[in-house]
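The values are calculated or read from the model by the stated rules, or taken from the named source; none is laboratory data. Values in this document were obtained by computation on a predicted structure and should not be read as measured data. In this analysis, Cβ positions are derived from the backbone assuming ideal geometry, glycine residues included, and neighbour counts consider all displayed protein chains. The protein model used for the area step is the full one, side chains on, heavy atoms only, and it has no ligands, DNA or RNA in it. Shrake-Rupley method; radii C 1.70, N 1.55, O 1.52, S 1.80 Å.
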Amino acid sequence: MAGFLSRVPTDAEFAARKLALVPSVLRADAESAYRRRYAENNQHGNLWLLALSEFAEKHGGSDLAASDRDICIRAAMLAQSPIAAAGRSEAQIRRELRRKQWRGIEKLAYKIGVVGKGRQEYASTQTICRRTQQKARWKRFADNASLTHGDKRVKLSTIIADSAQRRSAELYHLSKSLQTVAEQDGLHWSMWTLTAPPEFHPAPSHGKSSWNDQTDPRQAHEYIAVRWQRVRAKLEAQGIKLSGVRVTEPHKDGCAHWHLAVFYNPDDHAAIHAAFRSYWPTESGAQEVVGDPAKGAFSSYIFKYISKAIYSDDNAENATCKAADAWRSTWGVRAFQFFGLPPLTLWRELRKLETAPASDDSVTCSLWRAARRTDGAAFIRLAGGLAASRQRFRLRTTDDNQKTIIDRETGEESPLPVRQKWTLQTEPREAFTVILSDPREATPAEGGGENRIEKSVKNARRWASPGRALHTPDLPQALNGGFAHQWDKPPPSRPFLLRKTAASTGAH
C-alpha cells in the first residue's frame, strides 16, 4: 500500500522548486516577498508562490533566464529555418527575443511587487542596469567610430555628445514658437493629465491594487492613445481643431500616463471639456489645469516635462531620468509628440540645407530662410499655421533618398538637393582568440583535432577586452555556423574565454 502513496513535499521543498522557475535576477526579491506572505499565512504564501511560478512560465519561462549568448545562438538557429524566420533576418529575430525577455522580466517584477512607490520606482533595478550597460556599449562603439566624407572626418562620439543639447534647444524653440503663434491668434491653453483605469496599475499609490496580470505599460499607453484619437475625431466633427504637445511618462508603479498641453479657441473650451469627459468621466482619469499667464508661460510649463524625456548621461537631474529612460526603452513608448503643427521633418530637413532649394516657388525659399535663421514662428505661419486640418506642405521621400517638398494648394513639387553621404569607419582594434571548451573532453575530435577548439575572431566587438567574456551577435557566423549548434547537449553555461593575439588593422 505504501508503494502507491507518494510523499507530500514539505513547504521548503515546494518553495525551492517554485523559486527555481523565477529568473536569478529576481529570485531574491521573489523569495523575500514569499517569506513575508508565508509568515502572515503559510497557505496564502504558498498559493501566491504557485501563481507566481505559473505567471513566470506563461511570460517566457526558461527564456527569461537565458543569457545574451543563448539568445544570439537561438536567433541564428531560427534564422536558418525559413518557416521559423518567416521572412525576418537574424538581427530582427534577435531583437524580438531580447525585447520579449526584457518585457517578461519587467512584468514579473510587477507581479512580485518590487516596482512602486517607496520601492523601485518607475522601473526595476534589473531594467535600469540593463539599459545602463546598453548605453555604455553604444558609447564604447562611438569612441572607436567616425564618419568620413572625402578628407573630412568627424568622431561619432562628438556628434552623440552634442545631440542631447541640440535636441533640447530645438524642442524649447519649437515650444516657444508654438506659444508665440498661439498668442498672436488669441488662443488659450490647458494642461490635461490622462490616466489609465485601475486594472492597468500593478501597485497604485492609493487604494488596493486591481491589476489583472494581463496588462502592461505599453497597453496602458495604447489605451490612452485610442481614446485621445476619439476625442480629436469628435472635435473635428464639430469643426474644432487642437494644437499642442503630448508627453508620456510612467507612474511610480510603471503604468503609463499622458500630459497634454492643448491650445484652442476660447469659445470652444466647453465643447473640448465635454469631449474629454465623454471618455474620462472622473477627475481621477483626466484632470485639467487651465493655463494662466500670470503663473507661468506655456513653453516653460511644458518644457519641464519634455526635459525629463531628453536623458543625457552627462547632465541627468537624478536617478528618475535614468529610470524613466529605461522604462521607455523597455516598452517602446514615444516620449513626446507635437500635434496640430506643420510637419517637423520638413523643418529639420530645410535646416540641414546650406543653400536654398532649386525652386521658383518663393514660399519654398521663404520656408528655407525661416528654418535656416531658426525662426520657428515664421516657419509655422508660412507652412499653414496651427491646427490646419490639411497642411499646405508635405515632404515626400523616394527609395533613392530623394526628398521633395509638395505644395498641396498649387501641386508644385520642389526637389531638395541630395545631401552628402558619410561612411562609418571604426578604429583598428585588437584581435582575440575565442576558445570554446567542449564538456565532452574524454574523446578527441575526428581527424585528430584538439579537444579545445580554437577559432580566431578578428575585429572583436567593441566591449571585448582580455579576460572578459565575449558576447557578440556575430559569433555564430564567425564560428562557421556556430560550434555550439553541433553539440548534442546545450552549450556550457560558462562564457567564452579570450586570449589576446596579434593586433588587427581591419575596419568596417
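Of note:
- Here's the picture: charge each Lys and Arg Cβ at +1 and each Asp and Glu Cβ at -1 in region 104-224, and of 180, 144, 207 the one pushed furthest to the positive end of that dipole is 144.
- Under the shape rule built on the C-alpha gyration tensor, where the axes satisfy a ≥ b ≥ c, region 1-150 is oblate, since a/c reaches at least 1.5 while a/b does not exceed b/c.
- Local net charge near residue 266, Cβ-Cβ under 13 Å (Lys/Arg +1, Asp/Glu -1): -4
- Total lysine pairs in region 22-144 at Cα distances under 19 Å, for residues eight or more apart or on different chains: 5.
- For region 151-302, the dipole from Cβ point charges (+1 on Lys and Arg, -1 on Asp and Glu) about the Cα centre works out to 440 debye, to the nearest 20.
- Protection proxy ranking, highest mean first, for peptides 151-160, 130-139: 130-139, 151-160, where packing is the per-residue count of other beta-carbon atoms within 10 Å, averaged.
- Computed E for residue 135/residue 41 - FRET, C-beta separation, R0 51 angstrom, nearest 0.05: 0.75
- Pairwise Cα distances in region 242-374 exceed 26 Å in 43 percent of cases.
- Cα-based convex hull volume of region 50-112 per residue, rounded to whole Å³: 77
- Residue among 254, 309, 332 farthest towards the positive dipole end of region 231-338, charges placed on Cβ: 332
- Subtracting the Cα-Cα distance of residue 292 and residue 50 from 0.36 nm times their residue separation leaves 81.8 nm of extension gain.
- The charge dipole of region 220-372, taken about the Cα centre with unit charges on the Cβ atoms of Lys, Arg (+1) and Asp, Glu (-1), comes to about 120 debye, rounded to the nearest 20.
- Total lysine pairs under 27 Å (Cα atoms) in region 228-315, excluding pairs fewer than 8 apart on one chain: 6
- Tensor-based shape of region 147-271 (alpha-carbon gyration tensor, a/c under 1.5 rounded, otherwise prolate or oblate): oblate
- Heavy-atom accessible surface of region 148-194, averaged per residue, reaches 53 Å², computed with a 1.4 Å probe.
- Each residue was assigned an accessible area with a 1.4 Å probe, and for residue 125 the value is about 70 Å².
- Cα centre as origin, Lys/Arg/Asp/Glu Cβ charges: region 155-199 dipole, Debye: 300
- Accessible surface of region 148-276 [probe 1.4 Å, protein heavy atoms]: carbon and sulfur percent: 50
- Rounded accessible area of residue 77 (nearest 10 Å², 1.4 Å probe): 100
- With each label modelled as a point 7 angstrom along the Cα→C-beta vector, the residue 352-residue 161 pair spans 2.3 nm.
- Around residue 19: net Lys/Arg minus Asp/Glu count, Cβ-Cβ under 10 Å: +2
- Charge tally in the Cβ shell below 13 Å around residue 371, where Lys, Arg are +1 and Asp, Glu are -1, residue 371 excluded: +3
- Accessible area (Å², 1.4 Å probe, nearest 10) - residue 141: 50
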